[in-house]
Amino acid sequence: MPRMKEFTVTIQDKPGALGKCFLALAERGVNILAFQSFVEEGESLARMLVDDPAAAKAVLGSQRAIFEETEAVVARLPHRPGQLGRAAAVLGENKINIDYSYCGIEPGSNLVMVVFGVDNLTKAAKVLDELAAEAS
């Protein structure tokens, strides 16, 4: 269960701003694997996992974007009913608080990537690894 670099980018809350950010990443060959976007206090926030964090950081820096780079834990689960519920439940059973979550598709497979921002990355990675092993 990898811990992956995650970017949270602050973007103007106006038409086309999110697209401009995503296209800038694409022009440098950065693939967005999973993302979540929401508006908070008049700003749009986009949280994302990418396949090339170093290139994404360079692109965001060149755009003078306001961004934060953190780590999240990623569960790769079969795409079938109940898997997301089991993952969230096993974190709760292990007293791990979920601050946020979102999902994407594992490139080249039919596995769903579920991204969890949690209060204990190491413990979350361990219990989600065990869950993924049971599910496969």
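Here, each number is a calculation from the coordinates, and none is a lab measurement. Every value quoted in this text rests on a predicted model; they were computed, and no experiment measured them. We place every Cβ from the backbone using ideal geometry, glycine too, and count neighbours over all the protein chains shown.
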How many nm separate the modelled label positions at SER37 and ALA58, each set 7 Å beyond the Cα in the direction of the Cβ?
2.5
Using modelled backbone amide H atoms (1.01 Å from N, in-plane), which distant-in-sequence or interchain residues come within less than 5 Å of ASN31's amide H?
ASP51, ASP52
Which of the helices in the chain, when you take each full DSSP H run, stretch at least 20 Å along the axis at their Cα atoms and have an average Kyte-Doolittle score of 1.6 or higher?
none
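Going by how many other beta carbons lie within 10 Å of each one, how would you line up CYS103, CYS21, fewest first? Before the final figure, lay out each step's value.
On the way: CYS103 18, CYS21 23.
So the ranking, lowest neighbour count to highest, is CYS103, CYS21.
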Least to most buried among THR70, THR8, THR122, by other C-beta atoms within 10 Å and fewest first, runs THR122, THR70, THR8
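What is the gain in length, in nm to one decimal, between GLU71 and LYS20 on full extension, counting 0.36 nm per residue of separation less the C-alpha to C-alpha distance?
Numbers: separation 51, 0.36 × 51 = 18.36 nm, distance 2.43 nm.
Extra length from GLU71 to LYS20 when fully extended: 15.9 nm.
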Residues whose built amide H sits under 5 Å from the amide H of ASP13, excluding neighbours closer than 5 in sequence, are SER44
Would you please give the residues with an amide H less than 5 Å from that of VAL118, counting only those at least 5 places away or on a separate chain, with H modeled from the backbone geometry?
VAL73, ASP99
